[in-house]
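A.B. asks: One structure follows; several queries about it will come next.
The values are calculated or read from the model by the stated rules, or taken from the named source; none is laboratory data. Not measured: the values here are computed from a predicted model. Here the Cβ positions follow ideal geometry from the backbone for every residue, glycine too, while neighbour counts run over all protein chains shown.
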Amino acid sequence: MSLYIRQYFRVISFVAMFSFVLCLGTVVFAGAGQDTSQEPQFFSSLQDIPLMSGIDELADHAVSFDKPDGRISESFALIHDLKPEDVLRFYSATLPQLGWGQVSEYRFFRQSETLEISFGEIEGQPIIRIMIGPTL
């Protein structure tokens, strides 16, 4: 009887392993035809800060200075169909992955720099302002 049980478990194990490999292959090949050319976008003046999908950078409003004490950079982007909470949630999740520690909902730090997020309007359209400066 125990020989029969061992053979039964071997067959079940083989079927389970075969099913797992078959499912894994299906998942891998299903993703192969997808367009993965969507590279993450970054602010042009803040090349290490991602540009969230749903916002468009206002590159002509950007200001950047390099000083011996560190850089001072300010960038703006139009917000389309997003709430400020959505934008804050994105940057709260993304910036720590890039080495930024979060001080508050709107403020981050990394090495000798601080990053501050604020919101406003330009010509009646909502915008996000991201400013990086040296830590005081």
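A.B. asks: Would you pick out the residues in the stretch 37-93 that are touching a Gly at 6+ places or on another chain (Cβ under 9 Å) and among the aliphatic types (A, V, I, L, M)?
C.D. replies: 72, 79, 82, 87
A.B. asks: Out of curiosity, is residue 129 at pLDDT below 95, among the charged types (D, E, K, R), within 15 Å of residue 49 (Cα to Cα) and touching a strand residue (DSSP E or B) at 6+ places or on another chain (Cβ under 8 Å)? Steps first, please.
C.D. replies: Working: at pLDDT below 95: no; among the charged types (D, E, K, R): yes; within 15 Å of residue 49 (Cα to Cα): yes; touching a strand residue (DSSP E or B) at 6+ places or on another chain (Cβ under 8 Å): yes.
Spelling it out, it is not the case that residue 129 is at pLDDT below 95, among the charged types (D, E, K, R), within 15 Å of residue 49 (Cα to Cα) and touching a strand residue (DSSP E or B) at 6+ places or on another chain (Cβ under 8 Å).
A.B. asks: Which pairs have Cβ atoms under 9 Å, sit 6 or more apart or on different chains, and link a residue in the stretch 54-80 that is under 11 Å from residue 132 (Cβ atoms) and free of Cβ contacts under 8 Å to residues at least 12 places away in the same chain to one that is surrounded by 12 or more Cβ atoms within 10 Å (Cβ to Cβ) and of a type outside the set (Ser, Thr, Tyr)?
C.D. replies: From the stretch 54-80, the pairs are 65/71; 65/72.
A.B. asks: Give me the residue from the stretch 31-54 that is modelled with pLDDT of 85 or more and in contact with a helix residue (DSSP H, G or I) (Cβ under 7 Å, 6 or more places away or on another chain) and, out of that set, nearest to residue 83 (Cα to Cα).
C.D. replies: 52
A.B. asks: Another question, if that's okay. Among the residues of the stretch 59-76, is any part of a helix (DSSP H, G or I), charged (D, E, K, R) and more than 15 Å from the chain's Cα centre (by Cα)?
C.D. replies: Quick first cut of the stretch 59-76, residues part of a helix (DSSP H, G or I) only: 59-61.
Filter again for charged (D, E, K, R), leaving 60.
Filter once more, keeping what is more than 15 Å from the chain's Cα centre (by Cα): 60.
Yes, some residue in the stretch 59-76 is part of a helix (DSSP H, G or I), charged (D, E, K, R) and more than 15 Å from the chain's Cα centre (by Cα).
Yes or no, residue by residue, for (1) buried (at least 16 other Cβ atoms within 10 Å of the Cβ); (2) of a type in the set (Gly, Ala, Ser):
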position	(1), (2)
61	no, no
64	no, yes
77	yes, yes
91	yes, no
96	no, no
100	yes, no
108	yes, no
113	yes, no
135	no, no
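A.B. asks: Something else: For the stretch 115-130, enumerate the residues that are surrounded by fewer than 17 Cβ atoms within 10 Å (Cβ to Cβ) and either closer than 19 Å to residue 45 by Cβ or outside the structural domain of residue 59 (by TED's automatic domain parsing) (or both). Show your work before the answer.
C.D. replies: Kept after step one, since they are surrounded by fewer than 17 Cβ atoms within 10 Å (Cβ to Cβ), are these residues of the stretch 115-130: 116, 118-125, 129.
Passing the criteria: 116, 118, 119, 120, 122, 129.
A.B. asks: Can I ask one more? Taking only pairs six or more apart or across chains, which ones have beta-carbon atoms under 7 Å, a first residue in the stretch 96-113 that is closer than 14 Å to residue 71 by Cβ and small (Gly, Ala, Ser), and a second residue that is in a loop (DSSP other than H, G, I, E, B) and modelled with pLDDT under 95?
C.D. replies: If the second residue must be in a loop (DSSP other than H, G, I, E, B) and modelled with pLDDT under 95, the pairs left are 112/135.
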